[in-house]
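Peer 1: Starting off with a structure, shown below.
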There are 2 protein chains.
Amino acid sequence: MKIICSKSNLVKGVSIVSKAVPSKTTMPILECILVDASMDVIKLTANDMELGIETRIDGDIVERGIIALNAKIFSEIVRKLPDSEVTIETTADNQTLITCEKAKFNIAAQSGEDFSYLPIIEKDDYITVSEFTLKEVIRQTIFSIADNDTNKMMTGELFEIEDNVLKVVSLDGHRISIRKIELKESYAPKKVIVPGKTLQEISKIIGGEAEADVDISFTKNHIVFEFDRTVVVSRLIEGEYFKIDQMLSSDYETKVRINKRELLNCIDRATLLIKEGDKKPIIIDIREGSMELKIKSQIGSMDEEIFIVKEGKDLLIGFNPKFLIDALRVIDDEEVDLYFMNAKAPCFIKDENQSYIYLILPVNFNAVA
Amino acid sequence: MKIICSKSNLVKGVSIVSKAVPSKTTMPILECILVDASMDVIKLTANDMELGIETRIDGDIVERGIIALNAKIFSEIVRKLPDSEVTIETTADNQTLITCEKAKFNIAAQSGEDFSYLPIIEKDDYITVSEFTLKEVIRQTIFSIADNDTNKMMTGELFEIEDNVLKVVSLDGHRISIRKIELKESYAPKKVIVPGKTLQEISKIIGGEAEADVDISFTKNHIVFEFDRTVVVSRLIEGEYFKIDQMLSSDYETKVRINKRELLNCIDRATLLIKEGDKKPIIIDIREGSMELKIKSQIGSMDEEIFIVKEGKDLLIGFNPKFLIDALRVIDDEEVDLYFMNAKAPCFIKDENQSYIYLILPVNFNAVA
């Protein structure tokens, strides 16, 4: 194999596919990026068997062939080359010569034949969203997946399509995040669970432009994202997702409208007094016209008052401050509405047309305090 | 004590003195910042017994007093307060109330009486340099102090004043860095060893402006830096510094003039192939008109050619690439001159009037390769 392409194209491609290189593996071939110039295009591929990414880069194929290069070494070399044309050339014994201006690197490689290709997916069933929308939806839900594997389903997000609505849901046992977006067209109903890791990596790769489209297609076991010159294929998580509809309710006894930034800053300040792992709740005392937030730990105590517009009953309720912070951080609205039933029922933060719903369980502060 | 000052003044002051708060200590009082409003000014002080920093901040003293607040908690609280007036008020039992707008923090404090004040220094003997110069001189020498304590003297830098020249020297057994700057006036000769940590912290605190002055004064055991509203007092390292003059020589058999950026980038690329702790040298082959750099490790090999202007003999010599990189990174000249004697003698990188001299010992590459 011998190919020539610009350093910048190479850097971009390598950085995209590197997201699918596992940080730890017992199979050295999985630590590689496959450079495939066996056909008329140059393709880079990485695949950790759960998540696979393939991207095309511009360049000249002088001699067809494929080679698998250690991702870490390859990407470090490529990044530090002068900003010029790069030649990648293999020799008979899988040695690979990377040349750029007067710099010559010679590294050991592995046969491309050993590499496990991405599964071939028939793309007949797909929906289209903009890069911007997909990136936003992931950002606004990904924080509430569970970060350990005790319940596999909680490490993923539900992608549910019904007519022209895509609903994305994540939950971790203490809170639920729901985002709904309107699609341009209507589609047949579909319900899949996408691994959180896939969504995190996708959101790093896509540019986030409102004009650029991502095609999302589905098979029985896989979800495929196609955008620009890149294809991302991920396994789905098997099983039936949690029935969340029965946990949602639109009844409330207390409704609070509050400036989001003020509330967020106040809770953020309060958490200074809590050491990591310390389960101190923030206590919220809702009264007519104002809300008092209080926290107390070994380090000291803090309280602060914020103006609110209140409907309904007064309420004293406690929360894990982190859960409130996580939700408030991703909401773009200047003012938010909080709905409460009582001190033991979940709090809902949602907008009028329910494009987002954040459900957060309270904590029993009498027991903790 | 009760004082009122702006959040921004407080943040600035706390961030300056925090540099002298030890990260680990068995004495809780050393983890504190002393807020001293016992006289007509508000002073913040931290002191780890080696290095002490004191800074004045603007504000109103409503009631005189002093109090010692845990540096970490105090600085975190101050940083997260709203951008407004902050009131710090102590109560009888050393509880301290920090109020800003509607936020109220109540934290435990320690009596200011237990705090060890900075030594009082008579300032009669001092030199003046600009913040910019001091910052540059530190940056250009600090990298070659030794990072372990086996030889205490190597963890500091020599500050030597003779007439109107300040010479700053650091060395670690493999290399020596020397910077000379001209002072505006002549001073009596002086020779002290300043702890590297002091210089690192100073360089973070000073602004780096060419118009702002730093007064540096000396006592038998201390060096004092005064600038803006801040005083930094540091213990000196005792002993007589290494005699470096006998290690310097202006003879050479080979002189190379080379583009600094090209050389630096090339060595930087070459180090990709070396894992941390791996002692592979970079081999430099100096010939007429060009210099070839070669490196070889388990990962692979790299070679690259750079144009040079050469005087004298051809030479094949090996170096620890890190030492070359460290020196080249801090030199601001576009072209540098390298002077060699033979493959076993040190290489000198210096400018014509010797405002900087970097001496680097070669490695015996035959043995290593």
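Values in this text are rule-based calculations from the coordinates and carry no lab data. Owing to the predicted nature of the structure, the values given are computational and were not obtained by experimental measurement. Positions of Cβ are generated from backbone atoms using ideal geometry, with glycine treated the same way; all protein chains shown enter the neighbour counts.
Peer 1: Can you give the average number of partner chain beta-carbon atoms within 10 Å of each beta-carbon in peptide A:265-274, as a whole number?
Peer 2: Mean shielding count: 4.
Peer 1: Output the relative contact order of chain A, whole-number percent, from Cα pairs under 8 angstrom with separation of 6+ residues. Please report the intermediate quantities before stating the final value.
Peer 2: On the way: 805 pairs, mean separation 46.9, N = 369.
Once divided by the residue count of chain A, the mean separation gives 13 percent.
Peer 1: I'd like the distance between the alpha-carbon centres of region B:251-287 and region B:1-70, rounded to an integer number of Å.
Peer 2: If we compute the Cα centre of each part, the gap is 47 Å.
Peer 1: Give the average, rounded to an integer, of partner chain Cβ atoms located within 10 angstrom of each Cβ in B:96-108. Intermediate values should be presented prior to the final figure.
Peer 2: Working: counts 1, 2, 2, 1, 2, 3, 10, 10, 6, 11, 7, 6, 3.
For this peptide, the per-residue mean of nearby foreign Cβ atoms is 5.
Peer 1: Can you pull out the trypsin sites (Lys or Arg not before Pro) in region A:310-369 whose DSSP state is coil and whose Cβ has at most 15 other Cβ atoms within 10 Å?
Peer 2: In loop regions of region A:310-369 (DSSP not H, G, I, E or B), the sparsely surrounded trypsin sites (Lys or Arg not before Pro) are A:LYS313, A:LYS344.
Peer 1: Relative contact order (percent) for region B:248-368, with alpha-carbon contacts under 8 angstrom and 6 or more residues of separation? Walk me through the numbers before you get to the answer.
Peer 2: Numbers: 238 pairs, mean separation 35.8, N = 121.
The normalised contact order for region B:248-368 reaches 30 percent.
Peer 1: Here's something else I'd like to know. Averaged over every viewing direction, what's the projected area of the C-alpha convex hull for region A:248-368? Give it in nm², one decimal, please. Spell out each step's value before the answer.
Peer 2: On the way: hull surface 28.0 nm².
With every direction weighted equally, the projected area is 7.0 nm².
Peer 1: Return an integer: the convex hull volume of the alpha-carbon atoms of chain B, in Å³ per residue.
Peer 2: Numbers: hull volume 63.3 nm³, N = 369.
Output value, Cα hull per residue: 171 Å³.
Peer 1: Calculate the tail of P(r) for region A:206-293: the fraction of all Cα-Cα distances greater than 22 Å, expressed in %. If you can, show how the numbers build up before the last one.
Peer 2: Values: 2492 of 3828 pairs.
Summing the P(r) tail past 22 Å for region A:206-293 gives 65 percent.
Peer 1: Per DSSP H run of at least 4 residues, take -39500 (n - 2.57); add these up for the protein assembly as shown, divide by its residues and hand me the 222 nm value, nearest 500 deg cm²/dmol. Walk me through the numbers before you get to the answer.
Peer 2: Values: 14 runs with 130 residues, N = 738.
Counting only the DSSP helices, I get -5000 deg cm²/dmol.
Peer 1: Same structure, new question: May I ask you to evaluate 6.51 cos²θ - 1.76 cosθ + 1.60, the Karplus curve with θ = phi - 60°, for each residue of region A:192-207 and list the ³J(HN,Hα) values in order in whole Hz, giving x for glycine and proline?
Peer 2: Calculated HN-Hα couplings, in order: 9, 10, 9, x, x, 4, 4, 5, 4, 5, 3, 5, 6, 7, 6, x Hz.
Peer 1: Quick one, what does Rg over Rh come out to for region A:46-184 if you take C-alpha atoms and the Kirkwood Rh? Before the final figure, lay out the partial values.
Peer 2: Details: Rg = 21.3 Å, Rh = 19.3 Å.
Rg divided by Rh gives 1.11.
Peer 1: Hey, what do the phi angles of region B:317-324 turn into as Karplus ³J(HN,Hα) couplings, whole Hz, using 6.51/-1.76/1.60 and θ = phi - 60°, x for Gly and Pro?
Peer 2: Taking θ as phi minus 60°, the curve returns 8, x, 9, 6, x, 4, 5, 5 Hz for region B:317-324.
Peer 1: Taking H as built 1.01 Å from N, whose amide H comes closer than 5 Å to the amide H of A:ALA212, not counting residues under 5 places away?
Peer 2: Residues meeting the amide H criterion: A:GLU131, A:PHE132.
Peer 1: Please turn the phi angles of region A:144-159 into ³J(HN,Hα) values with the Karplus equation 6.51 cos²θ - 1.76 cosθ + 1.60 (θ = phi - 60°), one per residue in order, whole Hz, x for glycine and proline.
Peer 2: Per-residue couplings from phi come out as 9, 7, 6, 9, 10, 8, 4, 10, 3, 4, 6, 7, x, 10, 6, 10 Hz.
Peer 1: Run the numbers on region A:273-325 and let me know its relative contact order in percent, using alpha-carbon pairs under 8 Å that are six or more apart.
Peer 2: On the way: 89 pairs, mean separation 20.9, N = 53.
Once normalised by length, the contact order is 39 percent.
Peer 1: Could you give me the radius of gyration and the Dmax of region A:126-245, taking only the C-alpha atoms into account and expressing both in angstrom?
Peer 2: Taking only Cα atoms of region A:126-245, I get Rg and Dmax of 13.3, 39 Å.
Peer 1: Hey, which lysines would be in cross-link range of B:LYS104, C-alpha to C-alpha under 18 Å, not counting anything within fewer than 8 residues on its own chain?
Peer 2: Within the straight-line limit of under 18 Å, B:LYS104 reaches these lysines: A:LYS280, A:LYS294, A:LYS296, B:LYS2, B:LYS7, B:LYS72, B:LYS80.
Peer 1: If you don't mind, there's one more thing I want to ask. Label-to-label distances across copies for B:LEU316, with labels 7 Å out along Cα→Cβ, in nm, shortest first?
Peer 2: 8.5
Peer 1: Summarise the long-distance tail of P(r) for region A:288-353 by giving the % of C-alpha pairs beyond 19 Å. It would help to have the intermediate numbers written out before the result.
Peer 2: On the way: 846 of 2145 pairs.
Everything past 19 Å amounts to 39 percent.
Peer 1: Give me the inter-chain shielding for B:295-305: mean count of other chain Cβ atoms within 10 Å, whole number please. Could you put the intermediate results ahead of the total?
Peer 2: On the way: counts 1, 1, 0, 1, 9, 12, 6, 7, 5, 8, 4.
Taking the mean over all residues of the peptide, I get 5.
Peer 1: Helix B:7-17 sits at what angle to the longest principal axis of chain B, using alpha carbons and giving 0 to 90 degrees rounded to 10?
Peer 2: Helix B:7-17 sits at roughly 50 degrees to that axis.
Peer 1: Something else now. Determine, for A:GLU305, A:GLU63, the number of other Cβ atoms within 10 Å of each Cβ, and report the residues in order from fewest to most.
Peer 2: Arranged by neighbour count, lowest to highest, A:GLU305, A:GLU63 become A:GLU63, A:GLU305.
Peer 1: Could you tell me the extents of region B:2-114's C-alpha atoms along the three principal axes, largest first, rounded to whole Å?
Peer 2: 37, 27, 25
Peer 1: Return P(r) of the protein assembly as shown (all Cα-Cα pairs; 20 Å bins starting at 0; whole %; ordered from short to long distances).
Peer 2: The calculated distribution, bin by bin, is 14, 31, 38, 17, 1.
Peer 1: Run the label-point distances for B:PRO119 please: 7 Å along Cα to Cβ, every other copy, nanometres, shortest first.
Peer 2: Reported distances to equivalent positions: 7.3 nm.
Peer 1: Taking every DSSP beta bridge that has both residues in region B:109-184, what percent is antiparallel when rounded to the nearest 5? Write down the numbers at each step before the final one.
Peer 2: On the way: 12 of 12 bridges.
The answer is about 100 percent antiparallel.
Peer 1: Could you order peptides B:234-246, B:199-211, A:135-147 by the average number of other Cβ atoms within 10 Å of their residues, highest first? Walk me through the numbers before you get to the answer.
Peer 2: Details: B:234-246: 13.8, B:199-211: 16.2, A:135-147: 19.8.
Per-residue mean Cβ counts within 10 Å order the peptides as A:135-147, B:199-211, B:234-246.
Peer 1: List, shortest first and in nm to one decimal, how far the label point of B:GLN354 (7 Å from Cα along Cα→Cβ) is from its counterparts in the other copies.
Peer 2: 8.2
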